[in-house]
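Chemist: The structure under discussion is supplied below as structure tokens; questions concerning it will follow.
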Amino acid sequence: MEVDSLYQELILDHYKRPHGRGLREPFGAEVHHVNPTCGDEITLRVDLSDDDVVRDVSYDGQGCSISQASASILYEQVVGQSRKDAEGILAAFLELMHGRGQVEPNEEILGDAIAFAGVAKYPARVKCALLSWLAWEDAVLRIRAERNGSNG
Amino acid sequence: MSLTVADGRLDVSSLRHDFPILGRTVRNGNPLVYLDSGATSQKPVQVLDAEREFYEKHNAAVHRGAHLLAEEATDAYEASRSTIAAFIGASADEIVFTKNATEALNLVAFAFGTATALWEHGSGPGPDEDRFVLRPGDEIAVTEFEHHANLVPWQELCRRTGAVLRVITITEGGRLDSASLAAVICERTRVVAFTHQSNVLGTVLPVDQVVAAARAVGALVVLDACQSVPHQKVNVAELGVDLLAFSGHKMLGPTGIGVLWGRNSLLNSMPPFLTGGSMIETVWQYESTFAMAPQRFEAGVPMAAQAVGLAAACDYLESVGLDRITNHEQELTALALAELGAIPGLRVLGPTDTDARGGAVAFTVDGIHPHDVGQLLDDRGIAVRVGHHCAWPLHRRLDAVASTRASFYLYNEASEVHALADGVRAAIKYFGAS
Ligand SMILES: Cc1ncc(COP(=O)(O)O)c(C=O)c1O
């Protein structure tokens, strides 16, 4: 089945047994993102240390296998990374997702997130895969804006 | 065309030849099983040919110029209006062309907004427009069934005017709640806007009951007929509503054309929506007067080819027979309700019998998100709709984040319902749920 390229084992595993799920303290920002075409939603918190390490990403929400697995893999990939490195993973993930299946994924940067390569061939599902990642990006921006605000 | 077999049923396999797209294959080389006509219908060659012929032989800007082509194009456009009017038992001067039903419903909501603004600024409206003025305390009623197209324009109208939006609720079984209807409609109600047939649950609403309640308090009745006009015989004279909207693309016609129906005198008492060329009577440097309806609502060069295509779609539906189409869809719906209903963990949203119910069957599957159900169906060539189908409040009311919806039309076959049920069972197995 063609659809097996979308639903990689790894994605189904993360979907059935999500990692890092549930909202936790402490956190620097909490965001709520919605996919308006299907009503899927995620609430996501990011805890960023003073020296810019992603200490925790916690989340809750409802959605399809792709959006749920993507949040779980986001957690796996970015927690413990420096913000800079995490943003590098995000950039590679965005490039892969918008590549319509034409972008060669870089496993070194993406890690397990490489499992989403097949999603890029299903344009309608790209938004599902991106939901948590864009929420993470938004939360990090807010933390930084707040810090800049209080510094300046 | 001879599209029926001896006992008066539809000859679906012959009729399918009129729809070239139904012959194509999709993912994995599977033949297309198109179960998404609720979103938009496929088009028969008769409609495509009518549009092509218009462009090849008669194309010109309608209602402009005096050359031969302009005359022919105008004739084709106005003849289409007559055909479409007759299709719903109306006369041509009661038919306004819009880009789709969404625009038609907005046109009505904006008529209220404009009349109210004119009244507030003391620059009118004339006595005719008074029906469209909303005063403090006035209320607008909709139902929980509504598509966003018949909800958001009223929300926005309330925001602009201070009118209050009231909502008639539904029963657990997915029917209009009569008690709520009686409780919501009152002396303050100025408009009751509701759907004829739910695009999610398939429920056909009791129009006569709502009209009676609205009439008793002098409220204007606006009917969203998007999901009824394509599938059942609709006669505006029998319905008793004031205004009615539908889209061409859901009834075998082209995209880019919708219809607002209203009695000519009522249309003429409404202030215009979009303004500009074609809709005027006289234009001075600082002010203008407007043409009579329907021209008053058709600003700019209109969608002539789409009107011709929609008229061809009406002819096609007439020749097949609306009653036969309704019966055929009922059979498919009954089959779908039986087959899907027998799948453990599957919940059909809305009525589970075919009484006053059209061919939209939405469902949820325990433990599997509709996106994932839809993806597995797509892998087998089955096209369904997943999400909230532009009825988000309705889904919240039903405790469903989203749903999978199959919707049937004249070209669907029983084998496609079997394929749907097989596909859902396969999805359940694939995701290891239940
Ligand atoms: C009940 C109902 N109302 C309104 C609409 C809006 O139609 P359109 O998008 O063609 O304007 C639809 C179509 O999805 C519908 O099903």
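The values are calculated or read from the model by the stated rules, or taken from the named source; none is laboratory data. Keep in mind that what you see is a predicted model, and the values were worked out from it rather than measured. Neighbour counts run over all protein chains shown; Cβ positions are idealised from the backbone, glycine included.
Chemist: Which residues, taken from segment B:61-92, are more than 16 Å from the ligand (Cβ to nearest atom) and touching a Cys at 6+ places or on another chain (Cβ under 7 Å)?
Modeler: Those that are more than 16 Å from the ligand (Cβ to nearest atom) and touching a Cys at 6+ places or on another chain (Cβ under 7 Å): B:T83, B:F87.
Chemist: Shifting gears a bit: Considering segment A:63-98 alone, what residues qualify as being under 25 Å from B:H369 (Cα atoms) and either in a loop (DSSP other than H, G, I, E, B) or among the hydroxyl-bearing types (S, T, Y) (or both)?
Modeler: If the condition is that a residue be under 25 Å from B:H369 (Cα atoms) and either in a loop (DSSP other than H, G, I, E, B) or among the hydroxyl-bearing types (S, T, Y) (or both), then A:G63, A:C64, A:S65, A:S67, A:S70, A:S72, A:Y75, A:H98 are the ones that fit.
Chemist: Which residue is surrounded by the fewest Cβ atoms within 10 Å (Cβ to Cβ), if the candidates are limited to segment B:153-178 and must be closer than 23 Å to B:G358 by Cβ and free of Cβ contacts under 8 Å to residues at least 24 places away in the same chain?
Modeler: In this case the residue turns out to be B:E172.
Chemist: Within segment B:172-229, track down each residue that is of a type in the set (S, T, N, Q) and either in the same structural domain as B:H395 (by TED's automatic domain parsing) or under 13 Å from the mean Cα position of the chain (by Cα) (or both).
Modeler: Listed by number, the residues that qualify are B:T195, B:Q197, B:S198, B:N199, B:Q227, B:S228.
Chemist: OK, next. Listed residues B:A50, B:A61, B:A66; which is more than 14 Å from chain A (Cβ to nearest Cβ) and crowded, with 17+ Cβ neighbours inside 10 Å?
Modeler: Among B:A50, B:A61, B:A66, only B:A50 is more than 14 Å from chain A (Cβ to nearest Cβ) and crowded, with 17+ Cβ neighbours inside 10 Å.
Chemist: Still on this structure, please answer the following. With the requirement that a residue be assigned to a helix (DSSP H, G or I) and within 16 Å of the ligand (Cβ to nearest atom), what does segment B:93-142 give you?
Modeler: Scanning segment B:93-142 gives B:A101, B:T102, B:E103, B:A104, B:L105, B:N106, B:L107, B:V108, B:A109, B:F110.
Chemist: Determine which member of the set A:V3, A:V78, A:V34 is away from chain B (no Cβ under 14 Å) and of a type in the set (A, V, I, L, M).
Modeler: None of the others qualify; the one that does is A:V78.
Chemist: Does segment B:355-362 contain any residue that is within 14 Å of chain A (Cβ to nearest Cβ) and either within 22 Å of the chain's Cα centre (by Cα) or surrounded by fewer than 24 Cβ atoms within 10 Å (Cβ to Cβ) (or both)?
Modeler: Yes; the residues of segment B:355-362 include at least one that is within 14 Å of chain A (Cβ to nearest Cβ) and either within 22 Å of the chain's Cα centre (by Cα) or surrounded by fewer than 24 Cβ atoms within 10 Å (Cβ to Cβ) (or both).
Chemist: Now for a separate question. Quick one: which residue in B:L274, B:L260, B:L239 is surrounded by 23 or more Cβ atoms within 10 Å (Cβ to Cβ) and within 16 Å of the ligand (Cβ to nearest atom)?
Modeler: B:L260
Chemist: Please tell me if B:E331 is away from chain A (no Cβ under 14 Å), at pLDDT 95 or above and under 23 Å from the mean Cα position of the chain (by Cα).
Modeler: yes
Chemist: Only one of B:A414, B:A383, B:A342 is under 26 Å from B:T195 (Cα atoms) and among the small types (G, A, S); which?
Modeler: Testing whether each residue is under 26 Å from B:T195 (Cα atoms) and among the small types (G, A, S) leaves just B:A383.
Chemist: Could you grab me the full set of residues in segment A:121-152 that are away from chain B (no Cβ under 14 Å), of a type in the set (G, A, S) and under 19 Å from A:Q77 (Cα atoms)?
Modeler: Of everything in segment A:121-152, those that are away from chain B (no Cβ under 14 Å), of a type in the set (G, A, S) and under 19 Å from A:Q77 (Cα atoms) turn out to be A:S132, A:A135, A:A139.
Chemist: Another question, then. If B:G253 satisfies all but one of (1) within 11 Å of the ligand (Cβ to nearest atom); (2) more than 20 Å from B:A360 (Cα to Cα); (3) assigned to a loop (DSSP other than H, G, I, E, B), what's the number of the condition it fails?
Modeler: The failed condition is (2).
Chemist: Right, next: Among the candidates B:H371, B:H395, B:H389, single out the residue that is within 15 Å of the ligand (Cβ to nearest atom), outside any loop (DSSP other than H, G, I, E, B) and more than 17 Å from B:V417 (Cα to Cα).
Modeler: B:H395
Chemist: Among the residues of segment B:285-305, is there at least one that is under 13 Å from B:V96 (Cβ atoms) and among the hydroxyl-bearing types (S, T, Y)?
Modeler: Scanning segment B:285-305 turns up no residue that is under 13 Å from B:V96 (Cβ atoms) and among the hydroxyl-bearing types (S, T, Y).
Chemist: B:F194 passes all but one of (1) closer than 17 Å to B:H231 by Cα; (2) away from every other protein chain (no Cβ under 14 Å); (3) within 11 Å of the ligand (Cβ to nearest atom); which number fails?
Modeler: (1)
Chemist: Also, quick follow-up: In segment B:1-60, how many are under 23 Å from B:C226 (Cβ atoms), part of a helix (DSSP H, G or I) and touching an Asp or Glu at 6+ places or on another chain (Cβ under 8 Å)?
Modeler: 1
Chemist: So which residues in segment B:143-166 are within 16 Å of the ligand (Cβ to nearest atom) and either of a type in the set (A, V, I, L, M) or in a helix (DSSP H, G or I) (or both), if there are any at all?
Modeler: Those that are within 16 Å of the ligand (Cβ to nearest atom) and either of a type in the set (A, V, I, L, M) or in a helix (DSSP H, G or I) (or both): B:H148, B:A149, B:N150, B:L151, B:V152, B:P153, B:W154, B:Q155, B:E156.
Chemist: Can you go through B:A338, B:A427 and tell me which one is more than 14 Å from chain A (Cβ to nearest Cβ) and outside any loop (DSSP other than H, G, I, E, B)?
Modeler: B:A338
Chemist: Can you list residue pairs whose Cβ atoms sit under 7 Å apart, with the first residue in segment B:9-38 being more than 14 Å from every other protein chain (Cβ to nearest Cβ) and the second being aromatic (F, W, Y) and assigned to a strand (DSSP E or B)? Count only pairs 6 or more apart in sequence or on different chains.
Modeler: Pairs that qualify, where the first residue is more than 14 Å from every other protein chain (Cβ to nearest Cβ) and the partner is aromatic (F, W, Y) and assigned to a strand (DSSP E or B), are B:L22/B:Y34.
Chemist: Another question, then. How many of the residues making up segment A:52-80 are closer than 26 Å to B:G367 by Cα and hydrophobic (A, V, I, L, M, F, W, C)?
Modeler: 7
Chemist: Would you say B:V373 is within 19 Å of B:S37 (Cβ to Cβ), within 14 Å of chain A (Cβ to nearest Cβ) and crowded, with 24+ Cβ neighbours inside 10 Å?
Modeler: yes
The rows are residues; the columns are (1) in a helix (DSSP H, G or I); (2) among the hydrophobic types (A, V, I, L, M, F, W, C).
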| residue | (1), (2) |
| --- | --- |
| B:P230 | no, no |
| B:W261 | no, yes |
| B:L267 | yes, yes |
| B:F273 | no, yes |
| B:A305 | yes, yes |
| B:D315 | yes, no |
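Chemist: In segment B:378-395, which residue that is hydrophobic (A, V, I, L, M, F, W, C) and more than 10 Å from chain A (Cβ to nearest Cβ) is farthest from A:V3 (Cα to Cα)?
Modeler: B:L394
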